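Encoded as structure tokens, the structure appears first; notes follow it.
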Amino acid sequence: MKNTDSDDVMVYRLGSGCDLADIEEGNIYQGKVQGFANFGMFVQINDRIKGLVHKTNMKAEHKERDSILVRVRQIRPNGNIDLEEVQIQVYQVTNVERKSTTVRISDLSGKVGRTVAIEGEIAQVKQTSGPTIFTIVDETGTQNAAAFIEAGVRAYPEAELGNMVKVIGEVMMRNGQLQIEVDALTILNDEEATAVRVRIEKALDLRAEPAEIPLLVKSDVMEKLCPEMRKVAKIIRKAIFTSQPIILRHHADADGICSAVAIEQAVVALIKESGGDFDADYFLFKRAPSKAPFYEIEDITRDLDFALKDHARYGQKMPLVLLTDNGSTEEDEPAYKIASVYDIDFVVIDHHHPDGTIDKYLKAHVNPYHVGGDFGITAGMLGTEVARLINPKVESIIRHLPAVAGVGDRSEAPERALFLDLVRDQYPEAACKDIALALDYEQFWLRFNDGREIVKDILNITGNTARHQKLVSLLVDGANTMIEDQMNACMPHVVPRVLRNEAHLFLIDVEIHAHKFTFPPPGKTSGEVHDRLCKQNAGQPVVTIGFGPDFAVLRSRGVLMNIPRMVRELRNEIPGGGISGGGHLVVGSIKFVEGMRDVVLEALISKIADAQIQK
Ligand code: MN
């Protein structure tokens, strides 16, 4: 067939593996008739590309599998190709090799206006009132690709969340963001998909590896926790790079908030950096306080409800759930059990005394008790270090959070002083104390809301220091006024006792001698009472029990208790007590049924009287 006459018409033979980007309008290609419709016939140009010859553009009768020459009249925006049949006798054939090698997503910014191919996993499919938006993830980034058939109609319905696909289209700027206008989207066959998946997985694994950076302070315990903190950071980085939503749940106190906000800053900045939607930092990341000091059934039910709806409505992946200052005790187990039905991944950063039974539900668990430390290393300290591993760039705006957390949680570990030293110039201890109180007070009014932006001002993350100071001092005044009111009401009703181990025990019925449903709530009220009693009994071992009809809150100083163990023992010793609870070794709470209150409290006091006194 080869002819050396240079005037001959050029006919192209499209190699296998070639795709839309390798075809040019106006060129003539070899093809094969694939099938017929009322309006014309379909012609295959290679194994993956076919076009339509409208009946008005047919020149002869054909049957299936006939060889035929076609000219490309037009490639439509949706990837459909209009062909016309041509009949020529003498021509020259040129092979077309696949030229559209795939481009990495991170390289797209230099390709605006060009047609490119990318390969990756569909991480989200969102149907808008206009196009269908596919979020594609490869080893270098996240990219939205808009496919349009008809307003509000799902394009490429065969392509689903998790499919490995090849997308060909033009790189555009839309509202200041890169977007690919899809010409063609094909699901890779098993072999191709596996190859791409392996390539992406390998590269992502490397990319998710946290930076090698030293801790903010010198701490043996935290040094030992580094491998597990790196593991948590890596899991979170990977979730971000693959557009997996992240739910961050935390204890609703100053320590829990500091821990969660540090991680929030790291995650949000990294989500913004890695592309995708302009508001991805809002719908791919949610922070929410847990009212109870554990992950309640109410919390998981709410999280699951939202996650499943987002999955159904917006084609989102199921989330990674991160718990901080929460999550390491058996009280969390009922929630984990529910989550495991949906294979939800959990990671925990906590400093509560851990129960071994829950690790089977967790992908990673940072806890100072695992390496011989204790609750003095607070969640805020650990969360800030993990945040730096997730995204070192946020360090300057979060490095004071461990000091606030340490003060807020009354840490007595040497790390508290080290973290305070780190920021002493800008945030002396008194300032940290004010910020911690402001957080507690504001969270009371926020209730179940995270207050993402307000909390940033309280922690001076926004950088508007004048507003930060104004807000904190206002909140501190408000909190102190309400605390004073509460103390004036309840201090006269404190009942003292001296136990046989010479511990000074103080009892306060917060149900009848304190304002209810206001700030400070019973736990903090008992803490404030305890602080005042410690001052009045300087140098003495002090235990304070604030109780209501069906609960008691314990605070202690200088008495070596193990509250979680005492709670477990009471549960076995008092049948019908309805006992549960826990917390830290020397700060915790216990619940029981109202009718058994006196029995439970007396048994509890007897255990405290058996505890050793710290010399
Ligand atoms: Mn804490």
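Brief remarks follow.
- Among (1) out of contact with any helix residue (DSSP H, G or I) (no Cβ under 9 Å at 6 or more places or on another chain); (2) part of a strand (DSSP E or B); (3) modelled with pLDDT of 90 or more - the single one residue 155 does not satisfy: (2)
- Residue within the stretch 25-37 that is within 47 Å of the chain's Cα centre (by Cα) and either within 29 Å of residue 144 (Cβ to Cβ) or surrounded by fewer than 16 Cβ atoms within 10 Å (Cβ to Cβ) (or both) present: yes
- Contact annotation: residue pairs with Cβ atoms under 7 Å, 6 or more positions apart or on different chains, pairing a residue in the stretch 336-360 that is farther than 18 Å from residue 582 by Cα with a partner that is within 16 Å of the ligand (Cβ to nearest atom), are 346/323; 347/322.
- Any hit, the stretch 427-434, residues being touching a residue at least 40 places away in the same chain (Cβ under 8 Å), over 21 Å from residue 587 (Cβ atoms) and among the aromatic types (Phe, Trp, Tyr): no
- Condition check for residue 151 on (1) under 17 Å from residue 126 (Cα atoms); (2) among the aliphatic types (A, V, I, L, M); (3) surrounded by 15 or more Cβ atoms within 10 Å (Cβ to Cβ): one failure, at (3).
- Output for the stretch 457-494, where each listed residue is of a type in the set (S, T, N, Q), assigned to a helix (DSSP H, G or I) and surrounded by 12 or more Cβ atoms within 10 Å (Cβ to Cβ): 469, 473, 480, 486
- Where a residue in the stretch 157-168 is more than 11 Å from residue 196 (Cα to Cα) and buried (at least 19 other Cβ atoms within 10 Å of the Cβ) and its partner, wherever it lies, is at pLDDT below 95 and hydroxyl-bearing (Ser, Thr, Tyr), with Cβ under 8 Å and at least six apart: 168/100; 168/115
- Looking only at the stretch 267-281, and only at residues there that are closer than 13 Å to residue 242 by Cβ and assigned to a loop (DSSP other than H, G, I, E, B), the one that is modelled with the highest pLDDT: 274
- Selection status of residue 280, surrounded by 21 or more Cβ atoms within 10 Å (Cβ to Cβ), over 16 Å from the mean Cα position of the chain (by Cα) and under 30 Å from residue 436 (Cα atoms): no
Per-residue answers, yes or no, for (1) in contact (Cβ under 8 Å) with a residue 40 or more places away in the chain; (2) closer than 24 Å to residue 410 by Cβ; (3) in contact with a Ser or Thr (Cβ under 7 Å, 6 or more places away or on another chain):
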residue: 249; (1), (2), (3): yes, yes, yes
residue: 261; (1), (2), (3): yes, yes, no
residue: 274; (1), (2), (3): yes, no, yes
residue: 282; (1), (2), (3): no, no, no
residue: 292; (1), (2), (3): no, yes, no
residue: 296; (1), (2), (3): no, no, yes
residue: 299; (1), (2), (3): yes, no, yes
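- Filter result for residue 413 (in the same structural domain as residue 436 (by TED's automatic domain parsing), more than 22 Å from residue 280 (Cβ to Cβ) and among the hydrophobic types (A, V, I, L, M, F, W, C)): yes
- Look at (1) surrounded by fewer than 20 Cβ atoms within 10 Å (Cβ to Cβ); (2) assigned to a loop (DSSP other than H, G, I, E, B) and you find that residue 565 fails only one, number (2).
- Flag for residue 130 being exposed (fewer than 14 other Cβ atoms within 10 Å of the Cβ) and either under 22 Å from residue 283 (Cβ atoms) or in the same structural domain as residue 243 (by TED's automatic domain parsing) (or both): yes
- Of all residues in the stretch 425-438 being under 20 Å from residue 463 (Cβ atoms) and of a type outside the set (A, V, I, L, M), the one that is nearest to the chain's Cα centre (by Cα): 432
- Single unsatisfied condition, residue 375 versus (1) out of contact with any His (no Cβ under 8 Å at 6 or more places or on another chain); (2) hydrophobic (A, V, I, L, M, F, W, C); (3) within 13 Å of the ligand (Cβ to nearest atom): (1)
- Out of 78, 57, sole residue that is touching a Phe, Trp or Tyr at 6+ places or on another chain (Cβ under 8 Å) and not aromatic (Phe, Trp, Tyr): 78
- The number of residues in the stretch 95-122 that are surrounded by 11 or more Cβ atoms within 10 Å (Cβ to Cβ) and assigned to a strand (DSSP E or B) comes to 9.
- With respect to the conditions (1) in contact with a Phe, Trp or Tyr (Cβ under 7 Å, 6 or more places away or on another chain); (2) at pLDDT 95 or above, residue 35 falls short on a single one, namely (2).
- Residue within the stretch 499-511 that is β-branched (Val, Ile, Thr), farther than 20 Å from residue 249 by Cα and in the same structural domain as residue 529 (by TED's automatic domain parsing) present: yes
- Cβ separations smaller than 9 Å between residues 6+ apart or across chains give the following pairs from the stretch 102-123 residues that are closer than 29 Å to residue 310 by Cα to residues that are basic (Lys, Arg): 117/166; 118/104; 118/166; 119/166; 119/199; 120/166; 121/197; 123/317.
- If the condition is being closer than 19 Å to residue 294 by Cβ and outside any helix (DSSP H, G or I), then the stretch 367-376 contributes 367, 374, 375.
- Any hit, the stretch 268-277, residues being over 17 Å from residue 391 (Cβ atoms) and surrounded by fewer than 24 Cβ atoms within 10 Å (Cβ to Cβ): yes
- The residue that is farthest from residue 468 (Cα to Cα), counting only those in the stretch 379-426 that are away from the ligand (no atom under 16 Å from the Cβ) and acidic (Asp, Glu), is 421.
- Only residues that are under 21 Å from residue 265 (Cβ atoms) and free of Cβ contacts under 8 Å to residues at least 24 places away in the same chain were counted in the stretch 467-495, giving 3.
- Scan the stretch 222-256 for residues that are under 23 Å from residue 294 (Cβ atoms), outside any loop (DSSP other than H, G, I, E, B) and within 16 Å of the ligand (Cβ to nearest atom) and the total you get is 8.
- The stretch 552-583, residues that are closer than 19 Å to residue 506 by Cα and of a type outside the set (A, V, I, L, M, F, W, C): 555, 556, 557, 558, 562
The values are calculated or read from the model by the stated rules, or taken from the named source; none is laboratory data. Because the structure is a prediction, the values reported are computed rather than measured. Please note: Cβ atoms are built from the backbone with ideal geometry, for glycine as well, and neighbour counts cover all protein chains shown.
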